[in-house]
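The structure under discussion appears below in the form of structure tokens.
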């Protein structure tokens, strides 16, 4: 199925929470994370903020309907990915990889240093996926204040201790 990647526009914001909710259904396959399938998605307001920053990309199907998105934000010389979601029916077809490539292209053309994210260490479509596309897990001792703070907040919101990691892709 052909997919087109483009920068998100304001009208896309209202469609993105449904994509995130669909994508999260994959967590039902993992008992200790099944609660994520019921968790509220990123707010339309937050999507609108990231869209306004031109750091949100959508994957469109042949009918130009959003089927996936990647939302990120610049922090100094880094681009941090906050959310990558693909409709459950489109998962495993390269859409997520193409969205990450769009973010990497932006980071490269903007002369940034790193693309960063936090993710689950042992969920196949999380850290192992990012490792396959060039991201490297950062040791806890090597985390900057921003990434350490994000992980700390995630643990406060119910993630099991040591289940998450920060990863970085060097742009240069």
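Taken together, the values in this text are just the output of simple stated rules run on the coordinates, not laboratory data. All values derive from a computational prediction rather than experimental measurement. When we count neighbours, we look across all protein chains shown, and the Cβ atoms used for this are built from the backbone with ideal geometry, even at glycine.
Only beta bridges with both residues in the range 29-163 are counted; by DSSP, about 75 percent of them are antiparallel. Among 116-127, 101-112, sorting by the average number of other beta carbon atoms lying within 10 angstrom of each residue, highest first, gives 116-127, 101-112. Modelled spin labels at residue 53 and residue 162, positioned 7 Å past Cα toward Cβ, are 3.2 nm from each other.
Note that the range 91-159 carries a Kirkwood radius of 13.5 Å, evaluated over its alpha carbons pair by pair.
Between residue 75 and residue 38, the contour length at 0.36 nm per residue exceeds the Cα-Cα span by 10.4 nm.
Anisotropy class assigned to the range 25-71 is oblate, per the alpha carbon gyration tensor with a/c at or over the 1.5 cut-off and a/b no larger than b/c. Taking 0.36 nm per residue of separation and subtracting the Cα-Cα distance, full extension of the segment from residue 148 to residue 113 would add 10.8 nm.
Mean residue ellipticity at 222 nm, helices only, the chain: -9000 deg cm²/dmol; runs of at least 4 DSSP H residues each add -39,500 (n - 2.57), and the sum is divided by the number of residues.
Please identify which residues in the range 102-130 have an amide N closer than 12 Å to a label point set 7 Å out from the Cα of residue 172, following the Cα→Cβ vector. Taking a point 7 Å out along Cα→Cβ of residue 172, the residues of the range 102-130 whose backbone N falls under 12 Å are 112-114. For the chain, with equal point scatterers placed on the C-alpha atoms only and solvent neglected, what are the log10 I(q)/I(0) values from the Debye formula at q = 0.11, 0.15, 0.19 1/Å, to two decimals? So the normalised log intensities are -0.43, -0.84, -1.42.
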